[in-house]
Amino acid sequence: MSAAAQDHPAIIGSHMKNIVILISGGGSNMAAIVKTAQREAWAQRMGAKVAAVISNKADAKGLVVAKEQGVATAVLDHEAFASREAFDAALAGLIDRYDQPDAPVLVVLAGFMRILTPGFVDRYAGRLVNIHPSLLPAFTGMHTHQRALDAGCKFVGVTVHQVTRVLDEGQILAQAVVPVLPTDTADILAARVLTQEHLLYPRVIANLLQKI
Ligand code: GAR
């Protein structure tokens, strides 16, 4: 466990539904969720809060954003672990600090670029969600926008889905469709899709919070 992880509070004393967001990079989806939670007063209205943001990369820009928003952060460097299983076990240990019998933690993958082990996925079954920048089941995996352009797609989009053992599978919770314009590059398209991600993900999470 990294020093940053050790600094993390061990006990979170509340009956709030805790959301733990996992990131690897910019964290713009995470920021959208945090800001929506504040703007829509999820704590007061739904008894829910973003309790922590955890990154597998110490230099993830999203960590700075989370701190600015007053959210606890932790870093767990996957390169410090000998196996995928060992990393995922340590990650679960961090997340479970926010788990409560009467309010199970919701684990939100927001640009968390790690393939998760079956043990990790099973542990959080039904309360582990991901956002993927394509209209699943099309274009699982990486480089979705370039592949969609190469395939001549006229519409692309974004999917929020439950996470299962199979990469980018699992029940689709919501999708948003984005048109492809003739002048699009992969980067331009990614930016247009991302604006929809920021609208869709907080809405899906708010819905899920009513159910868990
Ligand atoms: C988002 O576009 C998200 O959909 C994608 O990474 C980006 C993260 O951006 N996720 C995946 O590709 C997962 N397979 P963010 O860090 O600014 O939220």
Next item on the list: Tell me, please, whether a residue that is under 22 Å from Met113 (Cα atoms), within 16 Å of the ligand (Cβ to nearest atom) and modelled with pLDDT of 95 or more can be found in segment 76-87.
Entry: yes
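Can you name every residue in segment 103-135 that is near the ligand (Cβ under 10 Å from one of its atoms), among the aliphatic types (A, V, I, L, M) and within 18 Å of Val193 (Cβ to Cβ)? Steps first, please.
Residues of segment 103-135 that are near the ligand (Cβ under 10 Å from one of its atoms), as a first pass: 109-115, 130-134.
Checking the rest, the ones that are also among the aliphatic types (A, V, I, L, M) come to 109-110, 113, 115, 131.
Listed by number, the residues that qualify are Leu109, Ala110, Met113, Ile131.
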Item checked: Top-ranked residue in segment 157-202 [being touching a Gly at 6+ places or on another chain (Cβ under 8 Å) and of a type in the set (Val, Ile, Thr); ranked as surrounded by the fewest Cβ atoms within 10 Å (Cβ to Cβ)] -> Val177
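Residue by residue, here is whether (1) within 16 Å of the ligand (Cβ to nearest atom); (2) farther than 23 Å from Val193 by Cβ; (3) modelled with pLDDT under 95 holds:
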| residue | (1), (2), (3) |
| --- | --- |
| Met1 | no, yes, yes |
| Ser55 | yes, no, no |
| Val65 | yes, no, no |
| Ile95 | no, yes, no |
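Give segment 136-150 a look and list any residue that's under 17 Å from Val166 (Cβ atoms) and either at pLDDT below 95 or surrounded by fewer than 21 Cβ atoms within 10 Å (Cβ to Cβ) (or both), or say none. If you could, list the steps in order and put the result at the bottom.
Narrowing segment 136-150 to residues under 17 Å from Val166 (Cβ atoms): 136-142, 144.
If the condition is that a residue be under 17 Å from Val166 (Cβ atoms) and either at pLDDT below 95 or surrounded by fewer than 21 Cβ atoms within 10 Å (Cβ to Cβ) (or both), then Leu136, Pro137, Ala138, Thr140, Gly141, Met142 are the ones that fit.
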Next item on the list: Please name all residue pairs, on different chains or six or more residues apart, with Cβ atoms under 8 Å, provided the first residue is in segment 138-149 and is under 15 Å from Val178 (Cβ atoms) and the second residue is among the polar types (S, T, N, Q) and surrounded by fewer than 16 Cβ atoms within 10 Å (Cβ to Cβ).
Entry: Leu149/Thr185
Notebook entry, point to check: Consider Val34 against the criteria (1) more than 12 Å from the ligand (Cβ to nearest atom); (2) within 27 Å of Lys211 (Cβ to Cβ): it satisfies all of them except one. Which criterion is unmet?
Noted result: (1)
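Going through Ala86, Ala51, Ala90, Ala58 one at a time, which residue ends up being aliphatic (A, V, I, L, M), in contact (Cβ under 8 Å) with a residue 12 or more places away in the chain and assigned to a helix (DSSP H, G or I)? Give the derivation first.
Values: Ala86 fails: in contact (Cβ under 8 Å) with a residue 12 or more places away in the chain; Ala51 fails: assigned to a helix (DSSP H, G or I); Ala58 fails: assigned to a helix (DSSP H, G or I).
Only one candidate passes the filter, namely Ala90.
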Next item on the list: Consider Ala206 carefully, then state whether it is within 24 Å of Arg45 (Cα to Cα) and either in contact with a Cys (Cβ under 8 Å, 6 or more places away or on another chain) or not in a helix (DSSP H, G or I) (or both).
Entry: no
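The values are calculated or read from the model by the stated rules, or taken from the named source; none is laboratory data. In this text, all values refer to a predicted model and were calculated from it rather than measured experimentally. Neighbour counts are summed over all protein chains in view; Cβ atoms, including those assigned to glycine, are modelled from backbone coordinates with ideal geometry.
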